[in-house]
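Worksheet for the structure shown next.
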Amino acid sequence: MKNLITCILLLLSSLIYAHKIPIDSLKKQIIYYNQHEDYELSIQSLSHYLSEKNLTSEEKFTAYLLKSTIYKKLFKYEHALHHLNLALKEAEKDSKLQSRLQEVKAEKSFVFFDMQQFDKAKEVMRDLKKNDYAGLTKKQQLFLKTQEGYFFLMDKNYKASEEKLNEALKIAEVYHPEELPIVYGKFIELYHFTKQTDKRDAIYNKALLIAKKLGNIKYEFYLHEIMKRVFSTNKDYEKAVYYQKKCDSVYAVYNANNVGSKIEILEQQLKDKEYHLELEKKQKIQILLLSIAIILFLVVFILIQLYRSNKQKNALIVEENQRFSEKIDHLTELANKAGDHKIDLNSFNFTERQLEIIDLVQKGKNNKEIAAALFISENTVKYHLKAIYTILNIKQRNELMILYRTKNELPPDSEH
């Protein structure tokens, strides 16, 4: 049934995240999922949200902060610190978020405390204490005062320790009764070291009852661990072993649920999916760029070919114009030299057929017309023209028309 509900929630979540939801709505959803220990759904929802584009710094800040609290619940302290640092970066980008820096510092102190890096926790707490924990939530104040009480206990300042723990207890009773086992756990140690064994055992049972009622395995483990530790300090190893077995039993249940491992697997799957999507995106961009490059290359190649072709055409046109100009100049020069003194064709040893052809050429007839007029083939006309050009030492029929004249053109007295 629980798996079915989780699947339904995942489906609804995927539909909801097709469009970005307000961060306040997301926060309420995460709180709900966490209360039902659906940490996988919480992580997936937050990861989907953080993959959205155009998120504001405040939205990212809140999502990273929510993610860190989940990892802290699952004892994944390095992950929790990583996401707190990401939240810190977002807070530094936005002036509106400066006031929330205290919140990140408080959460860091809790992680350091759980990791038993007490010096780091104290350092952060001293900084927060300057403003008397201003701007922090009741829950954060509760945890900070509990930590203060524990540090006084470590220094054997039992009176100050009890005062701070009572301040934390009042906040828990009014605002966060679900966190009472945390405060009671420190009272167990206080009563143990002050030799108030009856109070110690009574408050242990009271705290354990609350943890079981809430179904909070983590707090059950925490309470058994404290009892094991206090008896170990007294060298009462029999009782220490007894509570160690309780710790092992609770841990076995926790490990059976394997929430932390599932979260790590889920996180890795999300990272893999994000990596493959990013890789696919890069490949598409590379293909697009390659396509553009090929198109540009083809365009440039075509333009170069067109340029070369046009250049060759222009060169041919220039060359042709040059030849045409030279031809005109040559013909003009020949015409100027000849004037009215054209060379007499009768002075050459032409045949009657050749003279007929020359006469027709001078009349403007083309080869086909000459062939028709003389009842011969065009090839025969071409053959005779070639022979005529050779005899006269000329190259084309224009020269023939300009320089030479037939007997029909001679003046009357030149026929004698």
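The values are calculated or read from the model by the stated rules, or taken from the named source; none is laboratory data. As the structure is a computational prediction, the values presented were derived from the model and not from experiment. Virtual Cβ from ideal backbone geometry, glycine too; neighbours counted across all protein chains shown.
Conditions tested, residue by residue: (1) at pLDDT 95 or above; (2) surrounded by 15 or more Cβ atoms within 10 Å (Cβ to Cβ); (3) not hydrophobic (A, V, I, L, M, F, W, C).
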{"residue": "Lys89", "(1), (2), (3)": "no, no, yes"}
{"residue": "Leu97", "(1), (2), (3)": "no, yes, no"}
{"residue": "Gln102", "(1), (2), (3)": "no, yes, yes"}
{"residue": "Gln116", "(1), (2), (3)": "no, no, yes"}
{"residue": "Leu128", "(1), (2), (3)": "no, yes, no"}
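So which of Lys281, Lys235 ends up being modelled with pLDDT under 95, surrounded by fewer than 16 Cβ atoms within 10 Å (Cβ to Cβ), out of contact with any His (no Cβ under 7 Å at 6 or more places or on another chain) and under 30 Å from Phe151 (Cα atoms)? Steps first, answer last, please.
On the way: Lys281 fails: under 30 Å from Phe151 (Cα atoms).
Within the list Lys281, Lys235, the selection yields Lys235.
Does any residue of region 138-145 turn out to be assigned to a helix (DSSP H, G or I) and free of Cβ contacts under 8 Å to residues at least 12 places away in the same chain? It would help to see each step written out before you state the result.
Taking region 138-145 as the starting set, the residues that turn out to be assigned to a helix (DSSP H, G or I) are 138-145.
From the residues that got through so far, the ones that are free of Cβ contacts under 8 Å to residues at least 12 places away in the same chain too are none.
Scanning region 138-145 turns up no residue that is assigned to a helix (DSSP H, G or I) and free of Cβ contacts under 8 Å to residues at least 12 places away in the same chain.
Filter region 361-384 down to the residues that are of a type in the set (S, T, N, Q) and assigned to a loop (DSSP other than H, G, I, E, B), then identify the one that is modelled with the lowest pLDDT. Break it down stepwise before answering.
Within region 361-384, the first condition is being of a type in the set (S, T, N, Q), and the residues that meet it are 362, 366-367, 377, 379-380.
From what is left, the residues that are assigned to a loop (DSSP other than H, G, I, E, B) are 366, 377.
Details: Asn366: 91, Ser377: 94.
Once the filter is applied, the top-ranked residue is Asn366.
Is there a residue in region 50-73 that is among the small types (Gly, Ala, Ser), farther than 24 Å from Gln29 by Cβ and not assigned by TED's automatic domain parsing to the domain that holds Leu153? Walk me through how you get there before you give the answer.
Restricting attention to region 50-73, the residues satisfying the condition of being among the small types (Gly, Ala, Ser) are 51, 57, 63, 68.
Filter again for farther than 24 Å from Gln29 by Cβ, leaving none.
No, there is no match, as no residue in region 50-73 is among the small types (Gly, Ala, Ser), farther than 24 Å from Gln29 by Cβ and not assigned by TED's automatic domain parsing to the domain that holds Leu153.
When residues of region 374-386 are filtered for being in contact with a helix residue (DSSP H, G or I) (Cβ under 9 Å, 6 or more places away or on another chain) and loosely packed, with under 15 Cβ neighbours inside 10 Å, how many remain? Reasoning before the result, please.
At the first step, the residues of region 374-386 found to be in contact with a helix residue (DSSP H, G or I) (Cβ under 9 Å, 6 or more places away or on another chain) are 374, 376-382, 384-385.
Restricting the remaining residues to those that are loosely packed, with under 15 Cβ neighbours inside 10 Å gives 377-379, 382.
Final tally of qualifying residues: 4.
Quick check: is even one residue across region 117-128 among the hydrophobic types (A, V, I, L, M, F, W, C), in the same structural domain as Ile182 (by TED's automatic domain parsing) and either more than 23 Å from Asn166 (Cα to Cα) or in contact with a helix residue (DSSP H, G or I) (Cβ under 6 Å, 6 or more places away or on another chain) (or both)? Lay out the reasoning, then the answer.
Kept after step one, since they are among the hydrophobic types (A, V, I, L, M, F, W, C), are these residues of region 117-128: 118, 121, 124-125, 128.
Still in the running and in the same structural domain as Ile182 (by TED's automatic domain parsing): none.
For region 117-128, residues among the hydrophobic types (A, V, I, L, M, F, W, C), in the same structural domain as Ile182 (by TED's automatic domain parsing) and either more than 23 Å from Asn166 (Cα to Cα) or in contact with a helix residue (DSSP H, G or I) (Cβ under 6 Å, 6 or more places away or on another chain) (or both): absent.
Using the structure shown, decide if Lys129 is within 19 Å of Ile226 (Cα to Cα) and free of Cβ contacts under 8 Å to residues at least 40 places away in the same chain.
Values: within 19 Å of Ile226 (Cα to Cα): no; free of Cβ contacts under 8 Å to residues at least 40 places away in the same chain: yes.
So Lys129 does not fit the description; no.
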